[in-house]
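The structure appears right after this line, and notes come after that.
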Amino acid sequence: MSTPTIATRVEELARLKEVARRGPDRKATERQHAKGKLTAHERVELLLDEGSFQEIEPLRRHRAVGFGLEDKKPYTDGVVTGWGTVHGRAVFVYAHDFRIFGGALGEAHAAKIHKLMDLAASSGAPLVSLNDGAGARIQEGVTALAGYGGIFQRNTRNSGVIPQISVMLGPCAGGAAYSPALTDFVFMVRDTAQMFITGPDVVQAVTGEKVSQNGLGGADVHASTSGVAHFAYDDEQSCLEDVRYLLSLLPANNRELPPRERGGDPADRSTPALLDLVPADANRSYDMRRVIEEIVDDGDFFEVHPAWAGNILCALARMDGSVVGIVANQPLTMAGVLDIEASEKAARFVQFCDAFSIPLVTLVDVPGFLPGVDQEHGGIIRHGAKLLYAYCNATVPRISLIVRKAYGGAYIVMDSRSIGADIALAWPTNEIAVMGAEGAANVIFRREIAAADDPDAVRQQKIKEYQTELMHPYYAAERGLIDDVIDPADTRAVLIRTLGMLRGKHAELPSRKHGNAPT
C-alpha cells in the first residue's frame with residue numbers, strides 16, 4: 001500500500017473542509033433559507049471584509065456517546081469560529097449553525113467558543129457572536145450547562161476590555177440569553193430572532209397567559225419594551241451592515257482610542273440653524289435629533305436604543321473626525337424628563353463610553369425627574385442613582401451644554417459641573433434652577449399670594465421676580481457653575497476646540513477593587 005502524497009492529503013483536507021462548510025445536507029440548508037435565514041458561513045462572510053475570514057477548528061467533532069449522538073458527529077459541532085477584518089481591523093466572530101443539532105451547545109461546541117473568546121481578549125480585538133441556537137444540548141447534560149458557564153465568565157471578564165456585540169438571528173432561550181445580556185450591544189432581526197428565559201408554553205402553564213414567541217421575546221419587544229436589545233432590523237443583511245458600521249466607531253480594546261477619520265466637514269463650521277431649532281419658550285417641544293445633526297460631522301450619528309426610553313437620546317458620532325458619545329434629553333418625548341428607563345439607558349451608555357475612552361458630550365434640556373407613584377415604587381431613586389454614579393465614575397473628557405432648561409436634581413445628574421464635568425457650557429436661553437419659576441413662586445410666596453386681593457396678578461409678579469433674580473442666563477456663570485455662555489451658532493466650533501483641549505486628559509479613581517454601583 002503506497003503512502004499518500006502531500007497533494008493527495010491536501011485534496012482530502014479540502015474535501016473535508018468543504019463538507020464542514022456545506023453542513024449536514026442540502027435540505028438542511030434549504031430549510032434555513034426558507035425561513036429567511038442565512039447559514040453560519042454566509043453570515044460570517046457578510047460581516048467580515050471579503051476573503052478575510054480565517055476559520056479555526058472547522059474539523060472539530062463532539063465526543064459524546066449515547067442518546068444517538070455516537071452516530072451523528074458532524075464537523076464544526078454546530079458552531080463556526082474564527083477571525084477576519086472589518087474595515088481592515090481585526091474582529092473575532094463565532095456563528096451558531098442551526099443546521100447542526102439546532103445550533104445547540106455541547107462540550108466541544110463550547111470549547112471552541114471559549115478558545116475564541118480567549119484569543120479575542122489576548123489579541124485585544126472585538127468579539128461578535130452570531131446567535132442562532134436552541135440552547136444547551138440536552139443529550140450532553142451538565143457538560144453543556146458548564147459550557148455556558150464558561151461563556152458567561154469570559155463575557156464578564158472581557159467586559160470593558162474588548163467590545164462585545166451579540167447579533168440575534170434565531171432563537172435564544174433559557175440560560176443562553178444571559179450571554180447577550182452581558183455584552184455591550186444586542187442586535188436582533190424581526191420575526192426570526194427571539195430571546196426569553198421561559199418560553200410561551202411554560203408561561204401559559206404557570207401564569208395562564210397565552211403569548212406567541214415574538215410577542216414574548218421578539219425583536220420589537222426587546223427593542224422598545226424591555227430594553228434588552230439595542231437595535232431591531234427587518235433582515236440579516238441590513239443588521240450585519242450596521243454591526244460593521246458600529247465596529248468602525250469603536251476602538252479595538254480599552255487600551256486604544258477610537259479610530260479617527262477626518263472628513264470634509266470643517267471643524268469651525270457655524271451652526272446658525274440652531275437659533276431657530278430650539279424655541280426660547282421652555283414649554284415648547286422640539287426634536288433634539290436635529291440639534292445633534294447640526295453639530296456632528298456631516299449630520300451623521302448612530303443612535304443607540306432608538307426605540308426605548310425615547311425621552312433621552314444616546315448616540316455615537318464623529319466631531320472633527322474623532323468619535324464622541326452624545327447623551328441628550330429629548331423634549332419631543334415626555335418633555336425630556338428623566339425616568340427609570342431613561343436613567344438606565346443613559347447610565348449603561350455612559351459606562352460603555354468611559355470604558356472605551358470615548359469622550360462624552362451631554363446636551364441638557366431637562367425639566368426634572370418624572371413624578372408619580374409608579375416611578376417612586378419602581379425605584380426611581382435607585383435607578384436615577386445609576387446615571388449619577390456612571391457620570392461621577394467616568395474619567396473620559398466630559399462636556400455638558402445646557403441648551404435650554406435644567407431643573408432640580410435632574411440638572412445635577414445630567415453631568416453638571418458639580419459632579420465632574422470638565423467644561424460646562426450654556427446657551428443664552430438657559431434656565432438653571434431648583435424648579436420652574438411658576439412652581440417656585442407658588443412655594444416661596446404661597447402665603448403672600450393667598451392673602452392678596454388679586455392672587456393671579458401677585459403670582460405673575462412673583463414669577464417674574466424669580467425669573468429675573470435666580471433664573472437669568474448668567475446667574476450660574478456668575479457663580480462659576482458655567483464656564484461660558486456661548487452663541488448657539490458657535491456650538492460646533494466650541495465643542496470641537498474643547499474636545500481637542502481635553503484630548504490628553506488623565507484622571508485616576510481612588511485605589512479600590514471596584515465600586516458598589518446601585519443596581
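The values are calculated or read from the model by the stated rules, or taken from the named source; none is laboratory data. Nothing here was measured: the structure is a model prediction, and the numbers come from that model. Positions of Cβ are backbone-derived with ideal geometry, glycine not excepted, and every protein chain shown enters the neighbour counts.
Laid out as a table, the results:
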{"read-out": "Only listed residue being in contact with a helix residue (DSSP H, G or I) (Cβ under 7 Å, 6 or more places away or on another chain) and farther than 28 Å from D265 by Cα, chosen from E508, E448, E431", "value": "E448"}
{"read-out": "Sole residue being surrounded by fewer than 22 Cβ atoms within 10 Å (Cβ to Cβ), without any contact (Cβ under 8 Å) to a residue 40 or more places away in the chain and not in a loop (DSSP other than H, G, I, E, B), chosen from D201, D242, D220", "value": "D201"}
{"read-out": "Selected residue (only one of I399, I419, I412 is closer than 30 Å to R503 by Cβ, in the same structural domain as C353 (by TED's automatic domain parsing), buried (at least 20 other Cβ atoms within 10 Å of the Cβ) and touching a helix residue (DSSP H, G or I) at 6+ places or on another chain (Cβ under 7 Å))", "value": "I399"}
{"read-out": "Index of the failed condition, D415 passing every other in (1) under 23 Å from D354 (Cβ atoms); (2) of a type outside the set (G, A, S); (3) not in a loop (DSSP other than H, G, I, E, B)", "value": "(3)"}
{"read-out": "Among (1) under 16 Å from V189 (Cβ atoms); (2) buried (at least 17 other Cβ atoms within 10 Å of the Cβ) - the single one E45 does not satisfy", "value": "(1)"}
{"read-out": "Flag for V327 being in contact with a Cys (Cβ under 8 Å, 6 or more places away or on another chain) and in a loop (DSSP other than H, G, I, E, B)", "value": "no"}
{"read-out": "Any hit, the stretch 115-134, residues being closer than 20 Å to Y178 by Cβ, buried (at least 16 other Cβ atoms within 10 Å of the Cβ), of a type in the set (S, T, Y) and in contact with a helix residue (DSSP H, G or I) (Cβ under 8 Å, 6 or more places away or on another chain)", "value": "yes"}
{"read-out": "Where A328 falls short, out of the listed (1) without any contact (Cβ under 8 Å) to a residue 12 or more places away in the chain; (2) small (G, A, S); (3) crowded, with 21+ Cβ neighbours inside 10 Å", "value": "(1)"}
{"read-out": "Residues (out of contact with any Asp or Glu (no Cβ under 7 Å at 6 or more places or on another chain) and assigned to a strand (DSSP E or B)) located in the stretch 302-313", "value": "F302, E303, V304, I312"}
{"read-out": "Count of residues meeting criterion [of a type in the set (A, V, I, L, M, F, W, C), surrounded by 15 or more Cβ atoms within 10 Å (Cβ to Cβ) and touching a helix residue (DSSP H, G or I) at 6+ places or on another chain (Cβ under 8 Å)] in the stretch 270-295", "value": "6"}
{"read-out": "Qualifying positions in the stretch 55-79 - out of contact with any Asp or Glu (no Cβ under 7 Å at 6 or more places or on another chain) and modelled with pLDDT of 80 or more", "value": "E55, I56, E57, P58, L59, K73, P74, Y75, D77"}
{"read-out": "Extreme residue, surrounded by the fewest Cβ atoms within 10 Å (Cβ to Cβ), among residues of the stretch 485-516 that are within 25 Å of the chain's Cα centre (by Cα) and of a type in the set (K, R)", "value": "R503"}
{"read-out": "Total residues in the stretch 251-279, condition hydrophobic (A, V, I, L, M, F, W, C) and closer than 17 Å to D300 by Cα", "value": "3"}
{"read-out": "Residue within the stretch 47-54 that is modelled with pLDDT of 95 or more and in a helix (DSSP H, G or I) present", "value": "yes"}
{"read-out": "Members of the stretch 390-410 that are closer than 21 Å to P359 by Cβ and outside any loop (DSSP other than H, G, I, E, B)", "value": "A390, Y391, C392, N393, R398, I399, S400, L401, I402, V403, A406"}
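Conditions (1) surrounded by fewer than 24 Cβ atoms within 10 Å (Cβ to Cβ); (2) within 23 Å of the chain's Cα centre (by Cα), marked per residue:
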| site | (1), (2) |
| --- | --- |
| G141 | yes, no |
| R154 | yes, yes |
| R157 | yes, yes |
| V161 | yes, yes |
| S166 | no, yes |
| Y178 | yes, yes |
